[in-house]
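First the structure, in the form of structure tokens, and then the observations on it.
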Amino acid sequence: MLEINEPVTIKNTEKFFEKDLERYQTMCAGRYDVHSVNFDNIKVNSSPKTGAIMSRYSLIIAYNDRLACLKPAIDNCTNEPNKPYKRIIELRYLNQLASWDIANRLGYGHTQFNVLRKRALLQFADVYLMEQLKQGVKDILDLHAYKEAT
């Protein structure tokens, strides 16, 4: 069985929220379902590299599929008083609130909040992977890092 490298998984998940998510939303304009678009007959006169263009379209579809899994994954994170993972993810990574502000709102000290934030990120990585599998995403993004077998 593969063992998860938690520190790297936490970093990967933070990067997803802080950098990748904005790129996904920008590429897909954040609100369109690109599956209804037919890319077969699209021609771009300014580029001689049709393979690169099709690759770009495939990337947009992958981003769109991953975005579709975001809300259900967040909604399926634990949201109990002693495990407010959903709330932490929403406030920190979607609403962009500072950690100290969220810790105060939830009634936790800085150290305890950081422990909960890391657990929230680990749980999100698990739930996000499962949501992609459930929705049949073809190009799955696994936020987990795995330890090398020794």
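How do 73-80, 22-29 rank on mean C-beta neighbours within 10 Å, highest first?
73-80, 22-29
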Sparsely packed chymotrypsin sites (Phe, Trp or Tyr not before Pro) within the range 64-133, loop by DSSP, other Cβ within 10 Å at most 14: none
Please give the net charge around Lys147, taking every other residue with its beta carbon less than 12 angstrom from that of Lys147, where Lys and Arg add +1 and Asp and Glu add -1. -3
Beyond a 20 Å Cα-Cα separation, which of these cross-linked pairs lie in this structure: Lys11/Lys86; Lys15/Lys134; Lys86/Lys147; Lys71/Lys147? Lys15/Lys134; Lys86/Lys147; Lys71/Lys147
Cβ under 12 Å from Gln96's Cβ, Gln96 left aside: what net charge do those residues give with Lys, Arg +1 and Asp, Glu -1? -3
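Dipole size in debye (nearest 20) for the range 85-150 around its Cα centre, Lys and Arg Cβ +1, Asp and Glu Cβ -1?
240
Residues with beta-carbon under 14 Å from that of Val127, excluding Val127: net charge, scoring Lys, Arg +1 and Asp, Glu -1?
+1
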Place +1 on the Cβ of every Lys and Arg and -1 on the Cβ of every Asp and Glu in the range 57-150, take the dipole about the Cα centre, and give the residue among Ala98, Leu122, Leu67 whose Cα lies farthest towards its positive end. Ala98
If I take R0 = 22 Å and measure r between the Cβ atoms of Tyr57 and Leu94 in this structure, what FRET efficiency does the formula 1/(1 + (r/R0)^6) give, to the nearest 0.05? 0.20
Give me the extension gain from Leu133 to Asp20: residue separation times 0.36 nm, minus the current Cα-Cα distance, reported in nm with one decimal. 38.7 nm
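Only the coordinates and a few stated rules stand behind these numbers; no lab work does. Predicted, not measured: the structure shown is a model, and the values here were computed from it. Cβ: placed from backbone, ideal geometry, glycine included. Neighbour counts: every protein chain shown.
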